[in-house]
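Heads up: the structure comes next, in structure tokens.
No value in this document is a laboratory result; all are computed from the given coordinates. Everything numeric in this text was worked out from a predicted model, so none of it was measured. When we count neighbours, we look across all protein chains shown, and the Cβ atoms used for this are built from the backbone with ideal geometry, even at glycine.
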Amino acid sequence: MKELQFLSKYPFLNSSKDYVLENSISVDDLLNDPIYERARTIGIERLDNAFDKKNVGKRVLVSETDHIMELLSYPIARMIAVCIGDVYFLKRYALSEAINAYNNLKLEEIDSMIKVSKEFNLNVFYSEETGKISIHFVDYLNHAPTRYKKWKMINRSMIKGDIAIHRKDLARLIQEALRSRINEELDGKKCSKNIFNVFKEDIIRIQNKVKLHRKNIENTPVGRIDYKKLPPCIKDIISAIQSGENVPHMGRFAVVSFLTSLKLSTKEILEIFSRAPDFEEERTRYQIEHIAGDISSTAYKPPGCDKMRTYGLCPTDKVDDLCKKNRHPLSYYKAKWYKESKKK
Ligand code: SF4
């Protein structure tokens, strides 16, 4: 039972998959057997919670059956998530599973944390004598959110290639590792017809919820900026960020520097980024303040059209007449303002 409790908390572990195999539970059983009805209901609940609360949620688990249903709800949720088929939703779901794992890990004894870290091949060391935890610097760099000051290597002590970390840090590193793993595993996966047919109603309901959310995002004003007047490149990058697509660093830089040049405040820019499915306020605030020159010696200027083209950030199929007359996204925006105000 103790092992089962552990697996229901960390259903992404390989031993959870082994449990399913050892008990000969097939996908067909999960989808159709009345015994697993509760697991299917919790699977849907995981997804609703992910979308509404950014955490797949905690349930009261008392009996062995409770734990089994919780454990099985995880593969079910993943299969349905694939059928919802929306990049924004998938990212939100991956983050929510990772946050849930983090919340559980923080409360674990160190042995259990190390057990979970092994799943991600993290080289973690614990000294019973000193009570200190460390991790190999390569693993640290692979998963640490080093854009935050506290996580920068310079602020960590390293001895013979190992970096000293606290328990909470280890939980956070596992969170990042899990999030990346779920994103990678679900990315590009095809929806199975059987799964779609069983969960059709919920899939369509969640798809509609996501669509409505996306529509609301598109119709929300971009700070004090008139969205319609933005150049196609900036519009595209903003919409990609808000849809949860991978936007290269240069794309994020172009948008932030563009918006800071138009004197949008950090708060207003954060508001735009907050609509992304995997929004992290601390990280984004740091990036904005750095580009705006609030915490660095330089206030960066947005790249011009030539540079945007070089980085593949100019959507050539959307280039319009105003683009052709201007050589900078900022000039485009200003020219559009001027053009529209002349009409009034
Ligand atoms: S031509 Fe310039 S302003 Fe127009 S979309 Fe391309 S980069 Fe943006």
* To do: Towards the positive end of the charge dipole of region 61-202, with charges on Cβ (+1 Lys, Arg; -1 Asp, Glu), say which of Met158, Cys191, Pro75 has the farthest Cα.
  => Met158
* Note down the relative contact order for the chain as a percent, whole number, built from C-alpha pairs under 8 angstrom at least six residues apart. => 15 percent
* **Mean projected area (nm²) of the alpha-carbon convex hull when the chain is viewed from all directions** => 21.2 nm²
* **Entries of Lys209/Lys229; Lys263/Lys339; Lys132/Lys168 with Cα pairs more than 24 Å apart** => Lys209/Lys229
* Asked: Net charge near Arg181, counting Lys/Arg +1 and Asp/Glu -1 over other residues with Cβ under 10 Å of its Cβ?
  -> -4
* Nearby aspartates and glutamates by direct alpha-carbon distance to Lys152 (threshold 15 angstrom, same-chain neighbours under 8 apart not counted) -> Asp139, Asp162, Asp169, Glu282
* **Cα lying deepest toward the dipole's positive end in the chain, options Ile182, Pro231, Tyr126, charges on Cβ** => Pro231
* Could you work out how far apart the two model spin labels at Asn142 and Glu245 are, taking each label as a point 7 Å from the Cα in the direction of the beta carbon, and quote it in nm? => 2.9 nm
* **Label point 7 Å beyond Cα of Asn23 along Cβ direction - residues of region 56-79 with amide nitrogen under 18 Å** => 59-79
* Pop the C-beta distance of Gln5 and Ile159 into the FRET formula with R0 = 35 Å and round what comes out to the nearest 0.05. => 0.45
* Asked: Once you list every other residue whose beta carbon is under 13 Å from the beta carbon of Leu4, what net charge do they have if Lys and Arg are +1 and Asp and Glu are -1?
  -> -4
* Find the centroid of the Cα atoms in region 46-60 and in region 229-266, then give the distance between the two in whole Å. => 29 Å
* To do: Check cross-link reach from Lys54 to the aspartates and glutamates: straight Cα distance under 13 Å, and skip same-chain residues fewer than eight apart.
  => Glu45, Glu97, Asp278, Glu280
* **Orphan Cys of the chain, criterion: no other Cys C-beta under 4.7 Å** => Cys233, Cys305, Cys314, Cys323
* Given the pairs Lys115/Lys150; Lys9/Lys267; Lys53/Lys336; Lys301/Lys334; Lys2/Lys91; Lys211/Lys307, which are separated by over 27 angstrom at their Cα positions? -> Lys9/Lys267; Lys53/Lys336; Lys2/Lys91; Lys211/Lys307
* Computed over the Cα atoms of region 220-343, what is the ratio Rg over Rh, Rh following Kirkwood? -> 0.95
* Asked: For Lys267 and Thr298, what does the FRET efficiency come to when R0 = 22 Å and r is the distance between their Cβ atoms, rounded to the nearest 0.05?
  -> 0.55
* Between Asp320 and Glu184, what is the label-to-label distance in nm when each label sits 7 Å out along the Cα-to-Cβ direction? -> 4.2 nm
* May I ask for the net charge around Gly85, where only other residues with Cβ less than 12 Å from the Cβ of Gly85 are counted and Lys, Arg are +1 while Asp, Glu are -1? => +1
* **the chain: calculated mean residue ellipticity at 222 nm from DSSP helix runs of at least 4, using -39500 (n - 2.57)** => -19500 deg cm²/dmol
